1. Once phi is turned into ³J(HN,Hα) by the Karplus curve 6.51 cos²θ - 1.76 cosθ + 1.60 with θ = phi - 60°, what whole-Hz value does each residue of segment 201-211 show in order, with x for glycine and proline?
2. Starting from the Cα of Glu258, step 7 Å along the direction of its Cβ; do the same at Lys234; then give the gap between the two resulting points in nm.
3. Roughly what would the spin-label model give for Arg199 and Gln95, points 7 Å off Cα along C-beta, in nm?
4. When the chain is fully extended, how far beyond the present Cα-Cα distance does Asn225 get from Met119, taking 0.36 nm per residue of separation?
5. Between Glu70 and residues 5 or more places away or on another chain, which pairs have amide H atoms under 5 Å apart, with H built 1.01 Å from N, and which residues are they?
6. Residue by residue, what Karplus-based ³J(HN,Hα) values in Hz, rounded to whole numbers, does segment 163-174 have, using 6.51, -1.76 and 1.60 with θ = phi - 60° and x for Gly and Pro?
7. Taking only protein heavy atoms into account and a 1.4 Å probe, give the accessible area per residue of segment 77-222 in Å².
8. If you place +1 on the Cβ of every Lys and Arg and -1 on the Cβ of every Asp and Glu, how big does the dipole about the Cα centre of segment 174-313 come out, in debye to the nearest 20?
Amino acid sequence: MAANNRRMSGKKGAQVGSGGQRRRGLEGKGPTPPAEARKGHKKNRVANAKAKQVQRRPAARGRGGKGTSEMVVGRNPVVEALREGVPAVTLYVQQFIDNDERVREALQLVAERGGIHLMEAPRPELDRMTNGLNHQGLVLQVPAYEYAHAEDLANAAYDKGEDPLIVALDGVTDPRNLGAIVRSVAAFGGHGVLVPERRAAGMTAGAWKSSAGTAARTPVARATNLTRALEAYKKAGLAIVGLAADGEHEVGELAALEGPVVIVVGSEGKGLSRLVGETCDFRVRIPMPGGAESLNAGVAAGVVLYEAARKRS
């Protein structure tokens, strides 16, 4: 019996202070996470692999898609963007900033508009976000623009029972011109603007400001290859009308503006590119008795859009 007691004496019994540990060991740890969220599980590895594939996959090209987000930097630019209704996600304000009139107006506009996050950040963080630009303590994050598909512009017109009136830009690189053209399209009953994906202005904060708010209701589409997009419009029955200083037709005499049409505007310096010019069904000129060699791209588009609207009325 004594030997038996000696053998049992080596076993650990209850120890002082161990009760809390045992109670915690009996407590539940909440619901079991799904297999995809459990590290090491096969489904978790599969989910991680799929996520990496999505990150590596190139964005869809020539099918609308999103642009890139943008930062508006500096007190005056931020206030102007907020006044003009430029879409915004977050206003970053530097910690301990000098609270001048522009800062107060920016904060007031954010509060009035709603839906914009307000974040306070130290100066080094704002320097990093803006790559060292002179942000003056205010940085406004503009979301990526959601571009339409090229065919959506014509389809939207047909859905309304109207002939499409679309403006395509060839080599226009100034966002302010793009914004002005969007504004003219809205004013004269057009159905949208088509821009190339590369070497062309996109819907930046500057374009939004120049559009004076009309970009919110006038779609802008983006195409990987402008020539192919114009050829697709042509096959769908739209006339392709290019603006050129040496065009064969005067804009006021062109009957094609009365029907479904795409008006193509080139850059101020080079005009229409060769392939785009060859794709056009008509090349028209704007008579200028004053002798000016050319018009600003935004002004030229407005003149032709007015003439198209007049013919259709």
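1. Residue by residue, segment 201-211 yields 5, x, 7, 8, 4, x, 5, 4, 5, 5, 6 Hz.
2. Label at Glu258, label at Lys234, 2.3 nm between them.
3. Calculated label separation equals 4.7 nm.
4. Extra length from Asn225 to Met119 when fully extended: 34.2 nm.
5. Those lying under 5 Å, H to H, from Glu70 are Val142.
6. 6, x, 10, 10, 10, 10, 10, 10, x, 7, 10, 8
7. About 47 Å² of surface per residue is accessible.
8. Dipole of segment 174-313, to the nearest 20 debye: 560 debye.
The values are calculated or read from the model by the stated rules, or taken from the named source; none is laboratory data. Note that this is a predicted model, so its numbers are computed, not measured. Please note: Cβ atoms are built from the backbone with ideal geometry, for glycine as well, and neighbour counts cover all protein chains shown. Calculation scope for accessible area: heavy atoms of the full protein, side chains included, ligands and nucleic acids excluded. Shrake-Rupley method; radii C 1.70, N 1.55, O 1.52, S 1.80 Å.
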